[in-house]
Every structure is written in structure tokens, then in C-alpha cells.
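Where a number appears in this text, it was derived from the coordinates with a stated rule and is not lab data. Note that this is a predicted model, so its numbers are computed, not measured. Cβ placement follows ideal geometry from the backbone for every residue including glycine, while neighbour counts extend to all protein chains displayed.
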Amino acid sequence: MQLLDKISPFQPQDPVDPEKFEGRKEVIETYLPYFNQASQGRPLHFFITGKRGMGKTSLASYFKDMAERKYKMVGVHIFNDGIHDIDSVIHQIVERLLNEIVKEKWSKKIIDGFKKHVKSVGFAGANLELNNDKETINHIKDNFAFVLEDIISKFEDKNGLLIIIDDINGLSDDTKFSNWYKSFADTLSTRFGGNIPLAMILAGYPEKLEKLHQHNPSFTRIFKHIEVEKLTDYEIREFFIKNFQISNIKIEKSALDIMVHFSSGLPNMMQEIGDGVFWINNNKTVNYRDALNGIIRAGNEIGFKYLKPDLDSSIRSDKYLAIFKKLGRDFFGQDLGKDYSFRKKDFISLLDTKEAKVFSDFLIKARDLKIIEFKGAKRSDHYAFTNNLYLIYFLIKILEQESEK
């Protein structure tokens, strides 16, 4: 196959298309039936948590696709990256909702309710833009449950509404969001008696959920909690086999084994490795050398996309990088699918004199940059990486050095 004719079946740069979604069978079988309940008029709230790169967005997108196709709900998925205020979230939700329904025959009676506040934009006026009118947004915010109920009641051939607020992290900084959302959920429950076909999905990091709980301990009781954990080796193996089969490419066992191993249960690493190997391979069989070079390519991509902004100049000295690589080597001797932790007193014995001398400073700077964190009690000598991608990256850099010898 000519390089210019190749089309990768992998999606390392985007949330996975629902039709290509693999794994999470137990999670899907457990929680998908609840969307049927929501479509029948019982409002439900879900919170998807997981570390960076675990596939929270892809799982939420899958639920949206199934809610739309199987239960005939209208799906709205907003991405909240960097937004810290409720008004902006409300603006996004309403604008996205209006654009989702604009092509429906019955949408006019809903859109007319906002006609003073929207304008047509884009090619041939195909999209709607909601004016950023503070008074209107405040009214919607203060009466959100009633506004949604009024909109949903005008759906003619749809069975309800699913709203996904993705990347809730920026909203966890103060008490306003948790208090507002709790009030919204209480209104749904008390004023509508569980008779509104609505499902809400929020997604964010575990520590952000904990912060929202600290702001309002009742907040977390609203939700059904979905913790997105690492994929199993079996799920990753099946993923590689199925996706390479799309391009009629076979994978030798030795190649598949190392690809699964370095994926280490992380969906984004799995996608990057699959994509890297796909572009390295120039025939219809992936061998061990293809897999090795593809993994190195994936490691460099992961470094540029996720890690190098965190690894700033204060922690990229030769001594610090040497410590990172030794941590990577230590990690390699363990199960890559499990979270790695280390004790200062144990690991320091693996360092040379110069590295040991700067190890305490290294730990402080790595903590400040949120690369590592205390495991268990604060001020202990037990540490864990906030994301195993750091270790995988340095492990792959070691692999790259050794492959060049």
C-alpha cells in the first residue's frame, strides 16, 4: 500500500468514534439501561471520573450515541475546557441544544422562544448563535430545570434530552457550581416528581470531584458514579487485532505482545501505539521491529502532546532526566497495567552520588509540577505518579536509545 493511500483506523487525536468504541463492556452493560429509565421520565445524573487519557470523553460520546439511536433522545455534548463560571456553561448548553434541534420539523416553536436572543450565522445561516445577554443567561440559570422541562415538552418525536458537561475541572474551584447544580437536581426531583425525561453526564478528574464534594457534601450523592479504570490486556489485544483487520493487516504474536505491554492499560497510549505502528508498517504484516519503531514514534507523540508542557526547564536538567529514566526502568520491572509508586528511602539506593544529592529537590519540583504526588499520608516518603504516561514516556525514550546502539 502506498503511503499516500493509507488511512489509519486509529484516532489518537480525537475522542473515539462511537462505532469504533472498544472495551468497557462491564461499564456499558451496567449503566446503559439507566438511559432507558431517563427516556421514560426519570431524571438521572452520572459522573464519569478517571485520570487523564483514560477515555472519559469517548465513553460519554458512546453513551450519547446510544441514547440518540436506541432511546431516541436528543444529545448535547459540551466541552468545558478552561471555563470556570456557570454562566458560560449555561450559554454553551442552550446554544448547542438549539443547534442540535434546528433541523427538526418541530424546532420552530422552541427556537421562537429564543428569537430575541439568537441569530443565524455560518454558511447560509445554518447555525444559531445565542447572544451573550447577561439578564437572559441569569434567568435560564436560576430556572434551569423549568427551562429544560419547557423545551423537552415540545419535543414531538424524541423521548428526552441528554446533556454532557465534559471536563468539569475548571468549575470545581469554588462553591458556586456545586451549590447551583445541587439546587437544580433538587428542583428536578421535587417540582417535577421524577417526571421529566432528562439525563445529565458530568466528567472530570477524581480530585476535582473530591473538591466539589468538599464544597457541598450533598453534591456527590446526586450521581451514579462511573470510574473509568485501565483497560485489560484482553481488551487492548482485541482492539489492535480488530483495527488492523480493517486495513487487512495481520500482527505477529511478538509484535502484539509488546504493543499490549506498552499500552499499559491506557486508551490514549493504545491509540498512539496503534497509529504509530500503522504508519511504520509498509506491508500487510506487523512484525516485532515494526511494533518497536511504532512504540517509539508513539512515545514521542505522547511526549509532545501531553507531557513536555509539564516538564518545564526547572526539571529538565541532565540529572533530573536521569532520575526520571531510572524510575522508568524500575517501572518496567513491574506490571505496567498497575499504578506505580516508590519510596524515597528505597529508590535512592538506585541512584549514583550526584543524582542522590539532588533527589530531594527533584521530588519537590516534581510535586510542584503535579507530576508526582504523595501516596497516602502527606509528608510521607511514599510517592506515586499522577499519570503513568510520564513513566511510559521515559521508558520508551530508554527503548529508543537502546534501539539505536
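Would you please classify the overall shape of segment 303-350 from the alpha carbon gyration tensor, given that a ≥ b ≥ c denote the square roots of the eigenvalues, rounded means a/c under 1.5, and beyond that prolate means a/b larger than b/c while oblate covers the rest? Oblate shape, in that a/c is at least 1.5 and b/c is the bigger or equal ratio.
Between residue 364 and residue 65, residue separation times 0.36 nm minus the direct Cα-Cα distance comes to 103.2 nm. By its C-alpha gyration tensor, with a ≥ b ≥ c as the square roots of the eigenvalues, how is segment 224-294 shaped: rounded for a/c under 1.5, else prolate for a/b larger than b/c, else oblate? Cα axes put segment 224-294 in the prolate bin.
Model label sites at residue 350 and residue 221, defined 7 Å from Cα along the beta-carbon direction, differ in position by 4.5 nm.
Using only alpha carbons, segment 337-391 has a radius of gyration to Kirkwood radius ratio (Rg to Rh) of 0.95.
Taking amide H as placed 1.01 Å from N in the peptide plane, residue 227 has its amide H under 5 Å from the amide H of 49, each at least 5 places away in sequence or on another chain. As a proxy for reagent exposure, ranking 24, 289 by other Cβ atoms within 10 Å from fewest up yields 289, 24. Residues of segment 317-342 with an amide N closer than 12 Å to a point placed 7 Å from the Cα of residue 375 along the Cα-to-Cβ direction: 331, 334-335, 338-342. Matching the structure-derived log10 I(q)/I(0) by the Debye sum over Cα atoms at q = 0.10 Å⁻¹ against the labelled list [x] -0.79; [y] -0.72; [z] -0.86 gives the label [x]. Highest mean packing comes first when the peptides 41-47, 243-249, 109-115 are listed by Cβ atoms within 10 Å, giving 41-47, 243-249, 109-115.
Over all orientations, segment 24-227 has a Cα convex hull whose mean projected area works out to 11.2 square nanometres.
Each part gets one Cα centre, and for segment 267-305 versus segment 121-189 those centres are 41 Å apart.
Distances between placed amide hydrogens fall under 5 Å for residue 77 paired with 164, all partners being 5 or more residues away or on another chain. Counting 0.36 nm for each residue step from residue 11 to residue 186 and taking away their Cα separation leaves a gain of 59.1 nm. Taking amide hydrogens as placed 1.01 Å from N in the peptide plane, the amide H of residue 198 sits under 5 Å from those of 41, 42, 44, 161, each at least 5 positions away in sequence or on another chain. Going from the fewest other Cβ atoms within 10 Å to the most, the residues 399, 128 appear in the order 399, 128. Full extension of the chain between residue 214 and residue 329 yields a length gain of 37.6 nm, computed as 0.36 nm times the residue separation minus the alpha carbon distance.
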